[in-house]
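First comes the structure, then the notes that go with it.
Read-outs throughout are calculated quantities, based only on the coordinates presented, and are distinct from any laboratory measurement. As the structure is a prediction and not an experimental result, all values here were calculated from the model. Because the Cβ atoms are built from the backbone with ideal geometry, glycine has one as well, and the counts that use them run over all protein chains shown.
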Amino acid sequence: MSSVPRTLEGARVLVGVGGGIAAYKTAHLVRGLVGSGADVRVLPTAASLEFVGAATWEALSHHRVLTSVFEDVEEVAHVRYGQEADLVVIAPATADLLARMRIGRADDLLTASLLVTRAPVVVAPAMHTEMWEHPSTLENVRELRERGITVLEPAVGRLTGPDSGPGRLPEPEALLESARAAIAAPRDQRGGVLRDLVGRELLITAGGTREDLDPVRFLANHSSGLQGWALAHAALVRGARVRLAAASVDLETPPGASRLDVRSAGELADAVAEHRGRVDALVMAAAVADFTAAERAGEKIKKDDADEDSVPRIALRRTEDILRSSVLDRGDAAGPAIVGFAAETGGNGSSALELARDKARRKGADLLVFNDITAGVFGSSHNAVRILDRQGQEIAEAAGSKTAVAHAVLDELTSVLPPVSWSA
Ligand code: CTP
């Protein structure tokens, strides 16, 4: 088992396609998986071929496409594909496919492969709201989740007809991130994703705040939101509910996360203050401005053409330290676990690590995730961190994709979470 791939690069991925109109979006997902280095085999149900034909899947995956257990029988495909898979992604999963999965049917190559595989399975349902909310479907989803299958929440929005509601297939970019999170996740005894965050709610801040100076200019920073997003995807596949406070993030919302878009440090502080009393963990991955304009100019700040040397003086004031005030707000009472981040360059005679240790002790968060940003982390898909406790002691380190780092942070988070019932 030691050589099981933990990234999409080189992984064998089965993509099951159910018979729904959203199957056309899965073509982009297959492209994304192949682009990430995965060896993809597409297993469409017979009904799905009414929507997207086998030629599309063969061209995108570079493999022949089979649907029935009676094709290429000498290859025993119905056993081999499932055995060899490192990850299975089903998109879209129809109500019928969920029902067949739940009762363990093996009437086509996809469902037969699902009975064989021991790899993580990620399912993205898409159907009309009435079907999604039908007690049979809800029961099937509950049961599949209990067995360790990651059933993503459908997105809410416009459906195929004039109706709208929950039931849309999440965008392919978001599904690709869910796949990345699932393959990198810790495993349960059967080889599926360990669902150690079921019943937990996390508030994750992500991105970088913007402080307006005048109607056209603002102070900002380089944060892309990718690390916060990776944390959200990782927590979701491990079973958590996730609230995302997103500061200027231009990424597809992770399936099932409830997202609140904010702009300034002040707006982020308000969002955190509103929700931190109800969650099990506050994960402050956002890069928050330490200074904002003392007064935002109502009109565009002009340069003085008569005096070429003159520059405007912009007065700044400090913003609230949200991490620190969240620690103080919790005090000695039970409350959410609090995770801070420290992006350091070193300076004034101190190394980046020394500064981070000092920050861990000053801020009082349960965990501080430190990275040395001289290595160039902004906008990159990779990161290297050390995780410190509140005394500044190093308790873990992680390097690799931001997804791998996210799981390492969650691994440590599980040991500092409050009792399950703390906010009930
Ligand atoms: N943070 C916060 N509120 C702020 C600034 C930062 O909650 N106004 C949080 C960040 O989300 C991060 C942690 O504090 O989790 C550390 O952020 P960083 O910018 O490294 O720390 P600063 O407090 O700004 O410390 P310094 O300026 O001394 O580096």
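Taking the DSSP beta bridges in the chain as the whole, what percent of them are antiparallel, to the nearest 5? Kindly include the intermediate steps, with their values, before the conclusion.
Values: 22 of 64 bridges.
Counting only bridges with both partners in the chain, antiparallel ones make up about 35 percent.
Whole Å is fine, so just give me how far the alpha carbon centre of segment 335-364 lies from that of segment 1-61.
42 Å
Cβ under 14 Å from SER325's Cβ, SER325 left aside: what net charge do those residues give with Lys, Arg +1 and Asp, Glu -1?
Working: positive: ARG276, ARG318, ARG324, ARG330, ARG362, LYS363; negative: ASP270, GLU274, ASP290, GLU320, ASP321, ASP329.
Surrounding charge for SER325 is 0.
Fewest first, what order do GLU74, GLU252 take by the number of other Cβ atoms within 10 Å?
GLU74, GLU252
Using the Karplus curve 6.51 cos²θ - 1.76 cosθ + 1.60 with θ = phi - 60°, what ³J(HN,Hα) values do you get for each residue of segment 300-315, in whole Hz, with x for Gly and Pro?
Listing the rounded values in order: 4, 6, 9, 8, 9, 5, 6, 10, 5, 8, 6, 10, x, 9, 10, 7 Hz.
Before anything else, pin down the relative contact order of the chain: Cα pairs under 8 Å, at least 6 apart, normalised by residue count, whole percent.
Working: 936 pairs, mean separation 48.3, N = 424.
Relative contact order, the chain: 11 percent.
Spelling out what I want: for every residue of segment 402-407, take phi, set θ = phi - 60°, compute 6.51 cos²θ - 1.76 cosθ + 1.60 (Karplus), and round to whole Hz; glycine and proline get x.
Karplus values, whole Hz, x for Gly and Pro: 4, 5, 4, 5, 4, 5.
Taking neighbour Cβ counts within 10 Å as the exposure measure, how do ARG158, ARG330 sort from fewest upward? Mind showing how you got there, number by number?
Numbers: ARG158 12, ARG330 19.
Neighbour counts put them in this order, fewest first: ARG158, ARG330.
Could you tell me the calculated FRET efficiency between VAL34 and ARG190, based on Cβ-Cβ distance and R0 = 30 angstrom, to the nearest 0.05? Please report the intermediate quantities before stating the final value.
On the way: r = 27 Å, r/R0 = 0.91.
The value I calculate is 0.65.
Under 15 Å between alpha carbons, and skipping anything fewer than 8 positions from LYS402 in its own chain: which aspartates and glutamates qualify?
Once the sequence-local aspartates and glutamates are set aside, what remains near LYS402 is GLU9, GLU177, ASP372, ASP411.
As a footprinting exposure proxy, order TYR24, TYR81 by other Cβ within 10 Å, with the fewest listed first.
TYR24, TYR81
For segment 16-21, just list the computed ³J(HN,Hα) in residue order, Karplus coefficients 6.51, -1.76 and 1.60, θ = phi - 60°, integers in Hz, with x standing in for Gly and Pro.
Karplus-based 3J(HN,Hα) across segment 16-21 equals x, 10, x, x, x, 4 Hz.
What fraction of the DSSP beta bridges in segment 201-413 is antiparallel, stated in percent and rounded to the nearest 5?
Rounded to the nearest five, the antiparallel share is 40 percent.
At a threshold of 8 angstrom on Cα-Cα distance, excluding pairs fewer than six apart, so keeping six or more, what relative contact order does segment 12-184 reach in percent?
That works out to 24 percent.
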